[in-house]
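These notes are about the structure you will find just below.
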Amino acid sequence: MNAYETLPQDCIVAYYSGHSEPPRGKAAYALTIRRIVGGKTVKYWEIVMKAEDSTLAEREVAALLHLLNCLRPDEPLPVIIRSDYAFTLRGATEWMANWKARDWKTADKKPVSHAVQWMQIADRLDVLAKVRLSFQLVPPKADDGRNAKVTALAKQEVAA
């Protein structure tokens, strides 16, 4: 196993994914959340939400916000959040501090896309400050069945 695949014996691992009919249309996102204790899954949740008029980026940001809202501020286990969508992971881990400092503007002084949801994500991350969160990008060539599953759930919801 490589470092990406290795999980602690006790943790929460969550995946999220969005899907849409380009460029704007029927869309959905899906989340899966597993609570692992002693190396075994003791709880498992799937959440799928549909939208009629949305984009992929909107669904991915909404999925991350929904996932963060599912977490307890007093969660004792480390939480690993995985996605193959670099935009939301980088937004939450690299860009958000600068967006906030620039009053929710990008480096080229344009308004941040989906700023209201990003502000809600920032607020939720503040609430979760004591939770041991880590964000991991699912590598493009990773054979990650759990990422494939969450992507399939979102795609199925759009097709339904």
Which listed residue is polar (S, T, N, Q), touching a residue at least 24 places away in the same chain (Cβ under 8 Å) and touching a Lys or Arg at 6+ places or on another chain (Cβ under 8 Å), from SER17, SER54
SER54
Among (1) touching a residue at least 60 places away in the same chain (Cβ under 8 Å); (2) surrounded by 15 or more Cβ atoms within 10 Å (Cβ to Cβ); (3) closer than 19 Å to VAL138 by Cβ - the single one GLU60 does not satisfy
(1)
Evaluate the following for LYS110: is it free of Cβ contacts under 8 Å to residues at least 12 places away in the same chain and in contact with a Phe, Trp or Tyr (Cβ under 9 Å, 6 or more places away or on another chain)?
no
In region 113-132, which residues are in contact (Cβ under 8 Å) with a residue 60 or more places away in the chain and either among the charged types (D, E, K, R) or within 16 Å of PRO76 (Cα to Cα) (or both)?
LEU128, VAL131
Filtering region 99-118 down to residues that are assigned to a helix (DSSP H, G or I) and loosely packed, with under 13 Cβ neighbours inside 10 Å yields ALA101, VAL116
Lone unmet requirement of (1) more than 17 Å from the chain's Cα centre (by Cα); (2) without any contact (Cβ under 8 Å) to a residue 12 or more places away in the chain for LEU77
(2)
Restricting to region 57-98, name every residue that is in a loop (DSSP other than H, G, I, E, B) and within 26 Å of GLU157 (Cα to Cα).
LEU71, ASP84, TYR85
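No value in this document is a laboratory result; all are computed from the given coordinates. Just so you know, these numbers come straight off a predicted model, no measurement behind them. We place every Cβ from the backbone using ideal geometry, glycine too, and count neighbours over all the protein chains shown.
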